[in-house]
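Written below as structure tokens is the structure these notes are about.
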Amino acid sequence: MAPKVPHFVTDFFVYETAKSVVVKSWSVGVINRFVQLLIILYFICWVFLHEKGHQQRDTGIESAVITKVKGLGSFNNHVMDVADYVVPSQGSSSFSIITNMVITDNQMQGRCPETDKKFNCTTDDDCNKNNSSNIGNGILTGTCLINNVTNVTNVTNSTNSTNSTNSTKSTGWCEIEGWCPAEDDSFSGTPMKEVENFTIFIKNSIRFPLFDVSRGNFPSSINQSYIQNCNFDPVHAPFCPIFKVGDILKKLNQSLDNITAYGGEIGININWKCNLDYDVENCNPKYFFTHLDSAFKHSKASKGYNFRFAKYYQSEDGTEYRTLHKAYAIRFEIIVSGNAGKFNVVPFLITLVAAFTSVGLATVFCDIILLNFHKGADEYKAKKFEEVSGIVQEAKGPCKGSQMSIKVLGKTSNDSGTFSIGRQE
Amino acid sequence: MAPKVPHFVTDFFVYETAKSVVVKSWSVGVINRFVQLLIILYFICWVFLHEKGHQQRDTGIESAVITKVKGLGSFNNHVMDVADYVVPSQGSSSFSIITNMVITDNQMQGRCPETDKKFNCTTDDDCNKNNSSNIGNGILTGTCLINNVTNVTNVTNSTNSTNSTNSTKSTGWCEIEGWCPAEDDSFSGTPMKEVENFTIFIKNSIRFPLFDVSRGNFPSSINQSYIQNCNFDPVHAPFCPIFKVGDILKKLNQSLDNITAYGGEIGININWKCNLDYDVENCNPKYFFTHLDSAFKHSKASKGYNFRFAKYYQSEDGTEYRTLHKAYAIRFEIIVSGNAGKFNVVPFLITLVAAFTSVGLATVFCDIILLNFHKGADEYKAKKFEEVSGIVQEAKGPCKGSQMSIKVLGKTSNDSGTFSIGRQE
Amino acid sequence: MAPKVPHFVTDFFVYETAKSVVVKSWSVGVINRFVQLLIILYFICWVFLHEKGHQQRDTGIESAVITKVKGLGSFNNHVMDVADYVVPSQGSSSFSIITNMVITDNQMQGRCPETDKKFNCTTDDDCNKNNSSNIGNGILTGTCLINNVTNVTNVTNSTNSTNSTNSTKSTGWCEIEGWCPAEDDSFSGTPMKEVENFTIFIKNSIRFPLFDVSRGNFPSSINQSYIQNCNFDPVHAPFCPIFKVGDILKKLNQSLDNITAYGGEIGININWKCNLDYDVENCNPKYFFTHLDSAFKHSKASKGYNFRFAKYYQSEDGTEYRTLHKAYAIRFEIIVSGNAGKFNVVPFLITLVAAFTSVGLATVFCDIILLNFHKGADEYKAKKFEEVSGIVQEAKGPCKGSQMSIKVLGKTSNDSGTFSIGRQE
């Protein structure tokens, strides 16, 4: 016959499979198939269709945003254009539109009285205690200027103006050293309400590095004249990249008066969720708008948004002076998020295997019913479980009479196993 | 003998394992081992070696980027240095190099004619309809200036210049209120082509917070003189943090003429992929370059990149005037991404368990073959499946004669089971 | 009787479960339960309690940061306020506080000598070789200016100043064309050490889009007066959003002298880790501080942080001149990270199923012991494995005598199976 194959080779190429007990019971059979159906439905509907378990997912979206604001407003009898009210100017994903300003003209280094009520004083001592504080427009000199000098235009060395000891105890202001005159931010102009009609053009290009797919937030078919005339609308113009500030404020229920006077923060979220199994042309963003400071809406402190900047000038004699601006602005942040999925054989196989394995879990459920709550529970138990115990002494030789002992022991098999819960006999 | 152990204790410390059927068949045995081998190979090669399934992964890379541009160009007979052409100046991860500008000098608040052809007019009516639009350099006053007044230098109150009813119907321009004279962006200078020789120094430090590992994009061994003389090259100088703009443009097949004239957006991607099981010195970045606007390359609208900014001056009498710049620039965005992995016992165990479980799945495959397509399929079926049915009435007492009934029923066992597909007998 | 149900229907609603062998052995039983206990403990303690395996996790945290610096310093006999030393001014998450400057006043376009020693020359030839380099303050004209002209104030066309052939071979400087006079950065002022007392107010609002939860970094209950007086302290004032620069430097062991003189980069990390199963009020951030350039601490090159910017002026005759600033600054980057978890039935079920499946893995471990290292290993083997082989010829008809053949073959069953490792008999 054929040459003798070594024993360990035949042993190795042996196939081992679980021995099964088949229960012909309508009740358990129906339950079993029903549970299996539920599991299969769960995998098809949730894991495959909803969670896209067969797709490889790229969450490392790379994004670049360019913005351009257009519109003309007027503030303080000046016409304001983009170069005046957009900060920073270069059209990044985070920018501010200045809507209101407290302007302090012609500040020079020197000494002058403070403007805030916190720096009211009657004696020099009042002006020494707050020395270390960071509140205030300049470094306190420790002098209290009594003669209510509010409009110091020629801010020359004012150290000579000492506390005149007048008997009326009239309130004065502490003297500071720094940029003079000090800013008085209790006065502000009429906010630039034209911001309502301003438009923001957003050009967002993203890339999913895993799939090397690049997409833009408006299709190539859009031409310049459409862009110049359209306004974003989620229903009628979802691909128009022009957003009217007034529309955004309306969607957020934000009062124009309040935000133009005190500033605010608005988020423009661009969400990309792409299924690259379909045509890449279907990979388009969704826009929505948020109040970035909504977490602070009940907060008493730090309302609105403002910042200070200065324009520096130099007079003919070389003296530097500046115009300080406390600017109240609407700050826009373009927040891009998203992910993309594409069929890939590896996650598909893994999910498929998980699905098959999970279908087997119906058995666990049915075993609990069968072995505990079913009429013939004990019969099934006897059939499902074969018992081995105390046979070590009886049968020393390998594999002799083992089948016999099973039969004998089988009769007393009533182990309730892992799946029998809370049942005594 | 030993004290009696309660029954539920002995029942609890019982060990239950699946009963197996061993099939001594060469064909199925070889298939079984082959499928198992495939699964093991898959886990070793893909899951462990490629996907690093034994590692804990940190994807929350924290990054800080500082950039510094060097180079001298000339534009408009001026030598331009870093302070002139880099916006914003402080060396952030996103910056622009201005290569071309439309400069409108000495703008003051006042009235003057528009410059764009869209604002050509013959009567005042032509200038009223576009009132609400955001296109234009100022707020339309509704007046049409007929006498082709292109060079308005003394922009004083020009409200007196009414529509002179001349019979020639010569075209005029609508009058605006705002910064005058209005910008005429049809004229632009010679782009600063020296940008080709500019260098960008990138200092990128990253941190993987999970492992508390910090890395920089160039090794500590690099000294100042090397940095001043090297140029990044993926092969010859992969650790040199100096990037020549010309090299980047060449790699992107970007024409210098086009990008310097109209601007553009370029991404410098720094990708960190670190295996911290090896020496941390091997954790180094890879650089690559992308067109950020590649998604818009077929788009008709919004080519290039430009933004407007102004320099503000004040004359001796306190009048503010400004120089408006429409700047065409190359915008660079440094995009840092990456992740790090390190051996961790938890994911290692999880993956190992998954591997072992998956090896068992070979059984599913072999069962399908064995029970359906194998010569002795019916024999195996009879062996693998034991049937229980209709025994509830016959055997009421726990576990009596169960073995007998099996024998009887076993003879008719021809259940096709879960794994028997499409087979009739 | 009941109407006949088709055969394939009864076959379909059959329930199939694994046949088990129950081993009544104390040793293996205890090992089995112990391993199961370990697995259960692992799942409870690690997977559920530590890794929150029952929660859906949102890692796509959306964040907006607003900062405001307060404090007054003095540099160069000038009082510096926020508008002077914070760049950029609008309070973004990345900003710099200028602490030291090299100021070059009244630069105009023209020709003048270089200032750096690298541009020392004796003949014109010395000034031609470095032509292509990007080091230097202007474009080299190729002329060597011998007469140590260091203070060129009237930078008119200086082309007439040729190399006077003086015999002393005194060293000169190469002439450049550009902004003149050239910057001499070997001289710098006294750093603004008051930065130590400056405070940074951080307003960070985050959003977990998956759960639509918004949070701020300080509670609504905090009022304006508390914010104006508090200082962040991890123990005593963890909710105070005011950070003193000196405190941050102290925590980082950063010398004030060094960082104010040469600049530096500091990261303020805000970490949100929220368990939304508890009250959302418990979702609060943790702050910690890092040296962003710690990866470069052993590096010889590129210490500190500086950047150049210019203030532009225009004289009455329309000539543009500027003041160049080389600013050494402390750069702060607010880095926000975090994730949130919330109970969700899907991950809970998946983890639960994984736990149950894993408990079954104890069997694998115990089978190895039982079949290889246990006293009665062979008995168990005989009991666990039933063998089928060579029966194909003997029994052609479906399911005839199969039980008999098992009995016969069962006697020689000594397969070592998958789990028997390295054992001969």
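If you go through the range C:312-327 and pick out every residue that is in contact (Cβ under 8 Å) with a residue 24 or more places away in the chain and open to solvent by less than 30 Å² (accessible area, probe 1.4 Å), you end up with 7. The number of residues in the range B:340-376 being of a type in the set (Lys, Arg) and within 31 Å of the chain's Cα centre (by Cα) comes to 1. Restricting C:33, C:57 to residues that are more than 7 Å from chain A (Cβ to nearest Cβ), open to solvent by 30 Å² or more (accessible area, probe 1.4 Å), in a strand (DSSP E or B) and over 30 Å from residue A:86 (Cβ atoms) narrows the list to C:57. What do you reckon, is residue A:361 touching a helix residue (DSSP H, G or I) at 6+ places or on another chain (Cβ under 9 Å) and open to solvent by 40 Å² or more (accessible area, probe 1.4 Å)? Judged against the criteria, residue A:361 is a match. Put simply, of C:250, C:300 the only residue that is within 14 Å of chain B (Cβ to nearest Cβ) and charged (D, E, K, R) is C:300. Criterion applied to B:65, B:47, B:79, B:86 was being open to solvent by less than 30 Å² (accessible area, probe 1.4 Å) and not assigned by TED's automatic domain parsing to the domain that holds residue B:227, and the one residue passing it is B:47. Checking residue B:108 against (1) over 42 Å from the mean Cα position of the chain (by Cα); (2) away from chain C (no Cβ under 14 Å); (3) modelled with pLDDT of 90 or more: exactly one of these is not met. Which one? Here residue B:108 meets the rest and fails (2). Looking at this structure, is residue C:68 under 30 Å from the mean Cα position of the chain (by Cα) and charged (D, E, K, R)? It is true that residue C:68 is under 30 Å from the mean Cα position of the chain (by Cα) and charged (D, E, K, R).
Residues in the range B:332-363 that are closer than 30 Å to residue B:104 by Cβ and touching a Gly at 6+ places or on another chain (Cβ under 7 Å): B:333 alone.
Scanning the range B:111-128 for residues that are more than 44 Å from the chain's Cα centre (by Cα) and not in a helix (DSSP H, G or I) yields B:111, B:112, B:113, B:120, B:121, B:122, B:123, B:128. Scanning the range B:190-226 for residues that are away from chain C (no Cβ under 11 Å) and touching a Phe, Trp or Tyr at 6+ places or on another chain (Cβ under 6 Å) yields one hit, B:192. In this structure, does residue C:188 turn out to be touching a residue at least 60 places away in the same chain (Cβ under 8 Å), open to solvent by 10 Å² or more (accessible area, probe 1.4 Å) and over 25 Å from the mean Cα position of the chain (by Cα)? Considered against the rule, which asks whether it is touching a residue at least 60 places away in the same chain (Cβ under 8 Å), open to solvent by 10 Å² or more (accessible area, probe 1.4 Å) and over 25 Å from the mean Cα position of the chain (by Cα), residue C:188 comes out as yes.
The helices (runs of 4 or more DSSP H) located wholly in the range B:213-311 that include 1 or more residues which are open to solvent by less than 10 Å² (accessible area, probe 1.4 Å) occupy B:245-251, B:256-262.
The values are calculated or read from the model by the stated rules, or taken from the named source; none is laboratory data. Predicted model only: the values in this text are computed from it and were never measured. Note: ideal-geometry Cβ built from the backbone for every residue, glycine included; neighbour counts use all protein chains shown. Areas reflect the complete protein model, heavy atoms only, side chains present, ligands, DNA and RNA absent. Shrake-Rupley method; radii C 1.70, N 1.55, O 1.52, S 1.80 Å.
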